[in-house]
Amino acid sequence: MIMQVTANETFREEEQSNRITRMAARFGKLLAAISLMVAVWALSPRGALTRPNGAGSWVRPSGAAPGPVKILQFYSSVGSIKAGEKALLCYGVENAKSVRIAPLMEGEAPSSNRCLEVSPVHTTHYTILAEGFDGHIAMQSLTLPVDAATPGDNDPPDRPRWLARIGRPPAPRA
């Protein structure tokens, strides 16, 4: 009986030793994968890992000055526009991991100088949110007034409204 208990204990010890060996092998593979990721990061052209969609970076680019997130600039290329016209909404951020502009826009990414084309149909209030690498958020807003001018509003008072709508007088009848 004593012999059988010793054999069972020996079997358990061997099984536990095998488990530890398998865990060590998995851990070694994990360390190798992490080392490979660090090597790729160090050799990347921008010195930073990029997001899956290629916009911006998840980590501070090498050589970037540490510090809080800042919105350097946020402005419109014009003071106001007429309905249907286009304007540029420009911004610049520093130490930002991500940028969002509301109302939602496409093409926003951390940059020190970037402009996006907008064509609002009514006066629109834009807000930029920049998230820093430290988790802090900077915010700034602007309003782009849109003049809802109807055709003919700038015409002389004696000009008929029908002329303003079509742009030329009717042809004389023969």
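All of the numbers you see were taken from the coordinates with simple rules; none came from a lab. Keep in mind that what you see is a predicted model, and the values were worked out from it rather than measured. Ideal geometry is used to build each Cβ from the backbone, glycine not excepted, and the neighbour counts take in all protein chains shown.
Bin by bin, in steps of 5 Å, what percent of the Cα pairs in the range 70-147 do you find, going until the bin that has the longest distance? Histogramming the range 70-147 at 5 Å steps yields 3, 17, 29, 24, 14, 8, 4, 1, 0 percent. Annotation: the residues Ser141, Ser98, sorted from fewest to most other C-beta atoms within 10 Å of their own C-beta, follow the order Ser141, Ser98.
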